[in-house]
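Notes follow the structure.
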Amino acid sequence: MFVLESKTQRRILARLEQGEELVASLVKLAQEEGIGAAWIRGVGTLEWVELDRHDQGLRRAEPPQRFSAPCEILSLEGSLAGRAPMLHVTLSRRTDNGVEVLGGRLTAGRVFSVELYLECFDDLALSRAKDRTTGLDVWEGEERAGAAARPAPSRAWTAEPEPEDEDDDFEDEDDDDAPSAPSSGGVSWADV
C-alpha cells in the first residue's frame, strides 16, 4: 500500500475543443498549470478513441485498439502523476446491433466536446514507475503493508443449495394464529 496525504488542493475545470487530442491536451494543460499530481474526471463525447487493457497474465498492456466511431463518455476517471495521465473510461457507441458499451484505459482520443475536472494536489509530488510484480506503471514512493485478500473462490459465485432435511418438524396447517384473508372468495392464509 502506498499512502500520501494532501493538505492543499486546487480545482481546475477545463473544456477541450473539437479536434483536440484528449491525452496530449491534458498533458499540455498540466505543463501550463504546473500540475504534478491530480485526480481527473470528465464527461463529453469523442470522435474516435483508442483503448488498451493490462493483461494480468503477461503483465503488460495489450496493443491499443482503435474505435473509429463517435463515442459518448459514460465515465472518465484517472490520475495524473508527474504529468503522465492514467485514464480509465467507459463509453457507449451506436452500432448496427444497437448500443455497445466499451471500457478500458484511454490511450488516445479525438475530442468532439469534453469537459474535465481536475483536483490538483499541489503539495504532493507524484511519479510513476513500473511495478515488478504487476508490470503496471504505478505511483512510486514509500510503501506500507496492506490487508491480505482471501484466495479466489474455487467454485461458482453462487452457493449451492443445501439439501433439505426430511426430518424437519412442520407446524400444523390449521394454525389458529395465522392471519386469513377476508372471505370474499379469494385465497386465505390457510390455503397458502
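Only the coordinates and a few stated rules stand behind these numbers; no lab work does. As the structure is a prediction and not an experimental result, all values here were calculated from the model. Using ideal geometry, Cβ is built from the backbone for each residue, glycine included, and neighbour counts are taken over all protein chains shown.
General remarks:
- Listed peptides 72-84, 55-67 by packing density, highest first (mean Cβ within 10 Å): 72-84, 55-67
- The range 1-115 shape via C-alpha gyration tensor axes, a/c threshold 1.5: oblate
- When you restrict to C-alpha pairs under 8 Å that are six or more residues apart and normalise by the size of the range 28-122, the relative contact order lands at 39 percent.
- If you wrap the range 25-85 in the convex hull of its Cα atoms and look at it from every side, the mean projected area works out to 5.1 nm².
- Ranked packing of 106-113, 28-35, most packed first, by mean Cβ within 10 Å: 106-113, 28-35
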